[in-house]
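Everything below concerns the one structure shown next.
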Ligand SMILES: Cc1cc2nc3c(=O)[nH]c(=O)nc-3n(C[C@H](O)[C@H](O)[C@H](O)COP(=O)(O)OP(=O)(O)OC[C@H]3O[C@@H](n4cnc5c(N)ncnc54)[C@H](O)[C@@H]3O)c2cc1C
């Protein structure tokens, strides 16, 4: 790689070949042209958290990535990459609790009430009414949930699961997390929804729900889309270097990014001059990588204390599931339950969520007709006991847990794989309360753009991550240094999908 620049072309260096970095590279290399785009990726794969990992002819999606967006520009981009075949898939996701399935999000149906039983239903109803009479001051996420569901329902459906996901009790998490992720969901909303259904009232909400009940998904998983995007970038003259982590971001005397230092697979360092730098690397790492600029102590400290939640997924190939169900949606041939993913609320297991990849796309499974390919999701912290377990120990624990809740029988397991995913979730606690300080400081560097999920330390989905990149591309092309549009993505209250998804 040469560090010399072609005189008439602006050089844009991008860190990270996940959805954000690849979208920016696509906007610049394919759409804008006349810009030299160089994308540096630390790992040897494309797609970041949205990659698809091949395993013995099967494909594992890290967490299950629905392509869902309300933004026309993003929707157009998904259609534009012709090399990737998209399918419309039915979304079926349920909660597994008390060895029974409940709607996700919880709905007030006869089935729910029957499954909960008379005693729990009564307790839930009374608890909710008590909260309505005496609402709590909302100081934390526990208060937020209790105000909307009452204490008994909160304990049944939210307390344990939230702690599993974040490793922190809801009473220690900010209420604003709930406001962002769980808005629109409450017992009142559930009752209103039920009444509307009974009375046959249709409105905007119905349209949104129907969109959410189907989602777009590439035939071979999300990685297929991102690999196809990378291919188009390269075809258009963009450069993509895998195994090239960005180590330092060097700020010149004029206060602008002047170059970046990358390392190659052999550990050699090289400086690359650039006119613009866009980063989708975690904010904590970005602050650490800055050279040639004085970083205020409070910014350093806030960045150091930005929290993340890490993630482990186990792929299990089984000849069949032990759990069978009668009723609609049943695959008659294999009697496979219809769920794409299942929230596991059973107490006593560490397992958080379960994917059935056959239902995401049969093309994810080598022998979809006689095997079931499932993904188990565990939330953890890098360095904790789950993270440090050996692969075989971890897989054994996962199989034992799954058997203990009646999902599989051990002797039906054919193959397994464990994948560790650091920094899967940016946390909204700790240093997050001072995120504005980090942003204000970074915004003083005019040609530096923070894009994506960890790049902004925001709970961005793929579409949000893409939008941050599109906004950054617009800035770079127009020469604007106003980054407010980039930071404002995914802050509007209505933008989110409703109902507390732990994506
Ligand atoms: C379990 C789970 C389920 C999800 N489900 C959905 C879903 O259903 N739908 C949806 O839309 N979104 C979903 N998401 C969110 C989605 O994964 C992210 O929004 C998206 O991948 C973020 O894209 P990104 O490019 O910002 O970051 P990433 O995907 O994290 O990519 C960043 C890239 O930067 C690289 N990198 C890091 N440091 C450096 C460095 N120093 N130098 C160079 N490269 C570096 C990384 O290796 C990585 O490849 C889910 C996420 C998780 C964790």
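The values are calculated or read from the model by the stated rules, or taken from the named source; none is laboratory data. In this text the structure is predicted, and so the values were computed from the model without any measurement. Because the Cβ atoms are built from the backbone with ideal geometry, glycine has one as well, and the counts that use them run over all protein chains shown.
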### Task
List every residue pair whose Cβ atoms sit under 7 Å apart, with the two residues 6 or more apart in sequence or on different chains, where the first one lies in the stretch 300-327 and is without any contact (Cβ under 8 Å) to a residue 60 or more places away in the chain and in the same structural domain as residue 283 (by TED's automatic domain parsing) and the second, anywhere, is assigned to a helix (DSSP H, G or I) and within 14 Å of the ligand (Cβ to nearest atom).
300/287
### Query
Pick from the stretch 29-63 the residues that are in a loop (DSSP other than H, G, I, E, B) and more than 9 Å from the ligand (Cβ to nearest atom): which of them is nearest to residue 314 (Cα to Cα)?
56
### Message
Quick check on residue 468: is it part of a helix (DSSP H, G or I), out of contact with any strand residue (DSSP E or B) (no Cβ under 6 Å at 6 or more places or on another chain) and either within 15 Å of the ligand (Cβ to nearest atom) or modelled with pLDDT under 95 (or both)?
### Response
yes
### Message
Return the residues of the stretch 277-302 that are farther than 22 Å from residue 47 by Cα and either assigned to a strand (DSSP E or B) or modelled with pLDDT under 95 (or both); say none if nothing qualifies.
### Response
290, 291
### Message
Based on this model, can you work out whether residue 16 counts as closer than 12 Å to residue 281 by Cα, modelled with pLDDT of 95 or more and either surrounded by 24 or more Cβ atoms within 10 Å (Cβ to Cβ) or more than 9 Å from the ligand (Cβ to nearest atom) (or both)?
### Response
yes
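Residue by residue, here is whether (1) over 18 Å from the mean Cα position of the chain (by Cα); (2) assigned by TED's automatic domain parsing to the domain that holds residue 256 holds:
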residue: 403; (1), (2): yes, no
residue: 417; (1), (2): yes, no
residue: 435; (1), (2): yes, yes
residue: 458; (1), (2): no, yes
### Among the candidates 353, 347, residue that is within 14 Å of the ligand (Cβ to nearest atom) and under 30 Å from residue 98 (Cβ atoms)
353
### Task
Scan the stretch 80-92 and give yes if some residue there is within 11 Å of the ligand (Cβ to nearest atom) and either surrounded by fewer than 19 Cβ atoms within 10 Å (Cβ to Cβ) or within 17 Å of residue 360 (Cα to Cα) (or both), otherwise no.
yes
### Query
Is there any pair linking a residue in the stretch 98-124 that is assigned by TED's automatic domain parsing to the domain that holds residue 153 and within 21 Å of residue 405 (Cα to Cα) to one that is modelled with pLDDT of 85 or more and surrounded by fewer than 17 Cβ atoms within 10 Å (Cβ to Cβ), with Cβ under 6 Å and at least six apart or on different chains, and which?
115/100
